[in-house]
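Note sheet for the following structure.
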Amino acid sequence: MSYSPVMEVKVGLNFGVDILPVGRLAIRNGQIYFEYHLSFIERDLEISPLRLSLQPGVRTFERFLFEGLPGVFNDSLPDGWGRLLLDRTLRMQEILPEQLSSLDRLLYVGNTGMGALVYEPDYNTGGSHAKIDLDVLASHAQAILKGDAGEVLQELLALNGSSAGARPKAMIGVDSARQHIIHGFKYLHESYESWLVKFPNMQDGSDAGAIEYIYAQMAREAGIALTPSHLFPAQHGAGYFATQRFDREGSRRLHCHTACGLLHSDFRTPSLDYEDLIALSEILTRDVREVEKMFQLAVFNVLAHNRDDHAKNFTFLMDEKGEWKLAPAYDLTFSSGPRGEQSTMVMGEGKNPGKAHLIKLGQVAKLKLQRITQIIEQTQHALSAWERLAKEFGVSKTNIELIAKRLSVTA
């Protein structure tokens, strides 16, 4: 198959009604350029206020960060699993993945990505509304991870959307009773909701889904805002973790922007501190309640030993009025960070952050000491349910003991 590189991409915003023209991206000699439409500037909707503020004229960006894209558009690109699927598909079509620019990759996202940003022309062929079997999808994902390809690639690629992360994922539609699952690629019947389901990778145990499901339950008990989640039964293992998408509300779409993209902070080389995220929450939302939510998330991640809390695991949402809020929490599970440290530091401490560092962080967030203490104690109480819940949902004895030793459930 012949390959013809794209030279220009139209960018739009789709909140669920009409597509608003945002601007255009272009590439010349490897350099990427962007220009806002004047009509979009007049709307005063800041899709990336810190690094791509509304102003007329052509802009250029650092070529070696985000493959030359501004962070807001890089957020639309899948990485890890999604990139693997596309690259495998391209090779089957005799196209080398390294031939593609980041603009080419945006067109494979098209209208199906996370959030409200859309790209034209749209190379994404989408999928059907047919029912799907999670056990079959899981076996297909394992086949891809082992190096097998074949006819399953196109189905998995259509189901991936632009989700990030290394674990295999699928965008699905789930009915209200959580009994029927269909392809959730673009538009769903009103009786279905947009969800995301995860499958184990080669390093995960068969209880990875159950562990993440229990973490979601403990996080809710700790006061963390999350979308509804469910543990779908599996033929082998403790089940598949699934959660409702926070960027979809029926036919309505919300604009998504990660801390990674907002700050142009590469998540592969962690350098952020929760102090930075507290400041970002305050600047972006101007709402003390959203700042407190970020502090609660910091407390949970530290005490629950979720150390893979990198810059792509914090997202902000913007509605059609331009109002920002912190997205519901996601990717909460037992994990290790770089060299075993917390990916996002707490007041300069990454190796062994604890209660003292969290109290200082809470004070930076301008919370009262009583409220800081209450949040920490509520989180510790929620985490104390680990062993009981782990036994109930089929976590292995080895993982129950391993995780229990690392949870901070006492003062």
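The values are calculated or read from the model by the stated rules, or taken from the named source; none is laboratory data. No experiment lies behind these values; they were computed from the predicted model shown. Because the Cβ atoms are built from the backbone with ideal geometry, glycine has one as well, and the counts that use them run over all protein chains shown. Heavy atoms of the whole protein, side chains included, go into the accessibility calculation; ligands, DNA and RNA do not. Shrake-Rupley method; radii C 1.70, N 1.55, O 1.52, S 1.80 Å.
Some points to look at:
- Within the stretch 32-59, the set of residues being open to solvent by less than 80 Å² (accessible area, probe 1.4 Å) and either modelled with pLDDT under 95 or among the β-branched types (Val, Ile, Thr) (or both) comprises 32, 41, 47.
- Residue list for the stretch 147-176, restricted to those being open to solvent by 10 Å² or more (accessible area, probe 1.4 Å), at pLDDT 75 or above and assigned to a loop (DSSP other than H, G, I, E, B): 167, 176
- Some residue of the stretch 184-193 being over 17 Å from residue 400 (Cβ atoms), in a strand (DSSP E or B) and touching a Leu at 6+ places or on another chain (Cβ under 6 Å): no
- From the list 199, 241, the one residue that fits, being buried (at least 22 other Cβ atoms within 10 Å of the Cβ), touching a residue at least 60 places away in the same chain (Cβ under 8 Å) and farther than 22 Å from residue 341 by Cα, is 199.
- Exactly one residue out of 387, 377, 392, 401 is touching a helix residue (DSSP H, G or I) at 6+ places or on another chain (Cβ under 7 Å) and free of Cβ contacts under 8 Å to residues at least 60 places away in the same chain: that is 387.
- Residue check, residue 368 buried (at least 17 other Cβ atoms within 10 Å of the Cβ), farther than 27 Å from residue 206 by Cα and without any contact (Cβ under 8 Å) to a residue 60 or more places away in the chain: no
- Selected residue (criterion: surrounded by the fewest Cβ atoms within 10 Å (Cβ to Cβ)) from residues of the stretch 131-141 that are touching a residue at least 24 places away in the same chain (Cβ under 8 Å) and within 13 Å of residue 236 (Cα to Cα): 135
- Count of residues meeting criterion [over 21 Å from residue 62 (Cα atoms) and modelled with pLDDT under 95] in the stretch 1-18: 7
- Going through (1) closer than 24 Å to residue 363 by Cα; (2) open to solvent by 10 Å² or more (accessible area, probe 1.4 Å); (3) of a type outside the set (D, E, K, R); (4) in contact with a strand residue (DSSP E or B) (Cβ under 6 Å, 6 or more places away or on another chain) one by one, residue 306 falls short only on (2).
- In the stretch 20-30, the residues that are open to solvent by less than 80 Å² (accessible area, probe 1.4 Å) and either at pLDDT 95 or above or closer than 26 Å to residue 254 by Cβ (or both): 20, 21, 22, 23, 25, 26, 27
- Residue 72 satisfies every condition listed in (1) outside any loop (DSSP other than H, G, I, E, B); (2) over 17 Å from residue 258 (Cα atoms) except (2).
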